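Here the structure comes first, spelled out in structure tokens, and everything after it is commentary.
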Amino acid sequence: MVTLQIAKKAYQMTREGANKVLDLAKESVPVGIYAVEKDNIIICVNEQLTITQTKQRRREYIKKGYRVYASGL
């Protein structure tokens, strides 16, 4: 079970269900970061950035221990 946080609401679901939601989130962000994950908590961030900004922000999240879900790279 994972916790998926969208805006201020949190939802408990299976990994498979969370992956389906992440697929939908990926479509809404052509270039940027759409979610980050740490300790079975997935947070939808919906950051629409340039490619350079996405790479930089991705590195920052990874340094903090997050798994980053990004599109457009």
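Things to note:
- Using a probe of 1.4 Å, the accessible surface attributed to ARG15 totals some 80 Å² when neighbouring protein chains are kept in position.
- At full extension, SER71 and GLN12 could sit 18.8 nm farther apart than now, given 0.36 nm per residue minus the alpha carbon distance.
- With a 1.4 Å probe rolled over the protein heavy atoms of all chains, the accessible area of LEU49, LEU24 falls in the order LEU24, LEU49, largest first.
- Pairwise Cα inverse-distance average, inverted: Kirkwood Rh of the chain (Å): 12.2 Å
- Comparing TYR69, MET13, SER28 along the charge dipole axis of the chain, the residue lying farthest to the positive side is TYR69, per the Cβ-charge model.
- Degrees between helix 51-63 axis and first principal axis of the chain (Cα, 0 to 90, nearest 10): 50 degrees
- Taking 0.36 nm per residue of separation and subtracting the Cα-Cα distance, full extension of the segment from GLN56 to MET1 would add 16.8 nm.
- Pairs of Lys in the chain closer than 21 Å at Cα, counting only those 8 or more apart or on different chains: 14
- Taken along the Cα-to-beta-carbon direction at a fixed 7 Å, the label points for ILE41 and LYS63 span 2.2 nm.
- Here THR50 sits with roughly 80 square angstrom of accessible surface, probe radius 1.4 Å.
- Rounded to the nearest 10 Å², the accessible area of MET1 at probe 1.4 Å: 150 Å²
- The C-alpha atoms of the chain define a longest principal axis, and helix 15-28 lies at about 40 degrees to it.
The values are calculated or read from the model by the stated rules, or taken from the named source; none is laboratory data. On a predicted model such as this, the values are computed, not experimentally measured, just so you know. Counting neighbours? That spans all protein chains shown, and the Cβs are built from the backbone with ideal geometry, glycine included. Note: areas computed on protein heavy atoms with side chains; ligands, DNA, RNA excluded. Shrake-Rupley method; radii C 1.70, N 1.55, O 1.52, S 1.80 Å.
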